[in-house]
Each structure stands twice: as structure tokens, then as C-alpha cells.
Amino acid sequence: MGKNEKTPITVNGKEYFIEDLDDQQKTFVNHINDLSRKMDNAKFNFDQLAFGHQAFVNALAMSLGASEKQDEKAEALN
């Protein structure tokens, strides 16, 4: 942004400029931004974990299915 431009934020439908906030309000904005990043990262990590979990469930199901087919073949030969 240029030297004379201010950074707008919207809170409850009203626009404010960060540069016009007091120190405590700026701290609140910083915490909100940091927590938003952390929430995004947590969601990303959860999505990875859920996908990995499901992949292992699918792999186990396939493995058990293959084992059952081998057992059926062995029984048929006896």
C-alpha cells in the first residue's frame, strides 16, 4: 500500500482502519489474524489425518478381503 493509504478491516458490518485503532485493538486484530491462520492449519492437518485414516481403513479392508479369498481357495482344494 502507498504511504497515505490505510488498511481497512470490517467488524460487524462497519469499516475501520487499523492505523486508527488503539494499541489494545491492534493487539486484538493481531490475535484474530494469528488464530485464523492456526485454525486454517488445524483444518488442513485434520483433512490430512482423516484422509490417511481412511486410506488405512481401506487398505485393511482390502487385505482382509484378499485373506478371505485365499482361505476360500485353500478350503476348496481340501
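Structure above, values below:
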{"item": "Qualifying residue in region 9-21 (condition: of a type in the set (Gly, Ala, Ser), out of contact with any helix residue (DSSP H, G or I) (no Cβ under 8 Å at 6 or more places or on another chain), surrounded by fewer than 10 Cβ atoms within 10 Å (Cβ to Cβ) and free of Cβ contacts under 8 Å to residues at least 12 places away in the same chain)", "result": "yes"}
{"item": "Region 22-49, residues that are loosely packed, with under 11 Cβ neighbours inside 10 Å and among the basic types (Lys, Arg)", "result": "Arg37, Lys38, Lys43"}
{"item": "Hey, Glu19 at pLDDT 95 or above, part of a helix (DSSP H, G or I) and of a type in the set (D, E, K, R) or not", "result": "yes"}
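The values are calculated or read from the model by the stated rules, or taken from the named source; none is laboratory data. Note that the structure is a prediction, hence the values are computed from the model and not measured. Quick reminder, even Gly has a Cβ in these numbers, built from the backbone with ideal geometry, and neighbours come from all protein chains shown.
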